[in-house]
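*Asks:* Quick one: this structure, given as structure tokens, is what I'll be asking you about.
The values are calculated or read from the model by the stated rules, or taken from the named source; none is laboratory data. Quick caveat, the model's predicted, so the values are computed rather than measured. Please note: Cβ atoms are built from the backbone with ideal geometry, for glycine as well, and neighbour counts cover all protein chains shown.
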Amino acid sequence: MIGCYHAKDRESGFLNDVAFHNQIVSFAGNDVLKATHTHLTSPSQRGLFFAPRFSKVKQDEAMATHQQLIAAIMDSDTPAVSQIMHDHVVRTGIFVLDSIWIGQAEKG
């Protein structure tokens with residue numbers, strides 16, 4: 001995923017990002033979370049990833065967060081993993097909601 005990002009391969013980056021998130025969710029061992037995540041990351045979400053609002057700045061932020069998360073997991077730093085995941089989910093949720101609201105406003 002990070003290699004794809006540096007190579008500017010957005011399609012492969014997207015697919016690797018989905019796989020990365022699926023793996024993180026599977027670590028939780030929570031079937032409800034897994035089903036919810038699967039529903040939220042359906043192929044229809046691809047449009048959001050490729051949306052013009054998903055700027056270079058957003059990509060940079062996402063990759064930095066993923067790198068921090070990987071480091072925290074490798075260090076077995078549970079409090080850091082928890083905080084990084086919490087912050088990432090909140091930021092992503094805000095981005096998704098903003099994108100939906102902007103899309104609805106544009107359809108007007």
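*Asks:* Identify all residues within the stretch 39-50 that are assigned to a helix (DSSP H, G or I), at pLDDT 60 or above and surrounded by 12 or more Cβ atoms within 10 Å (Cβ to Cβ); write none if there are none.
*Replies:* L40, Q45, listed by residue number.
*Asks:* Look through the stretch 20-32, keep the residues that are over 15 Å from the mean Cα position of the chain (by Cα) and surrounded by 12 or more Cβ atoms within 10 Å (Cβ to Cβ), and return whichever of them is farthest from L69 (Cα to Cα).
*Replies:* Step one: filter the stretch 20-32 for residues over 15 Å from the mean Cα position of the chain (by Cα), giving 27-32.
Still in the running and surrounded by 12 or more Cβ atoms within 10 Å (Cβ to Cβ): 28, 30.
Numbers: A28: 15, N30: 19 Å.
Among those residues, the one meeting the criterion is N30.
*Asks:* Here is a further query. How many residues does the stretch 6-19 hold that are in a helix (DSSP H, G or I), surrounded by fewer than 16 Cβ atoms within 10 Å (Cβ to Cβ) and of a type in the set (A, V, I, L, M)?
*Replies:* Our first condition is that a residue be in a helix (DSSP H, G or I); within the stretch 6-19, this holds for 6, 10-19.
Now restrict to residues that are surrounded by fewer than 16 Cβ atoms within 10 Å (Cβ to Cβ): 6, 10-12, 15, 19.
Subsequent filtering for residues that are of a type in the set (A, V, I, L, M) retains 15, 19.
Residues that pass the stated criteria total 2.
*Asks:* Which residue pairs have Cβ atoms under 7 Å apart, sit 6 or more places apart or on different chains, and have a first residue in the stretch 1-23 that is under 15 Å from A62 (Cα atoms) and a second that is β-branched (V, I, T) and not in a helix (DSSP H, G or I)?
*Replies:* V18/T41; H21/T41
*Asks:* Collect the residues in the stretch 66-96 that are free of Cβ contacts under 8 Å to residues at least 12 places away in the same chain, surrounded by 13 or more Cβ atoms within 10 Å (Cβ to Cβ) and not aliphatic (A, V, I, L, M), keeping them in residue-number order.
*Replies:* Answer for the stretch 66-96, where residues must be free of Cβ contacts under 8 Å to residues at least 12 places away in the same chain, surrounded by 13 or more Cβ atoms within 10 Å (Cβ to Cβ) and not aliphatic (A, V, I, L, M): D77, Q83, T92.
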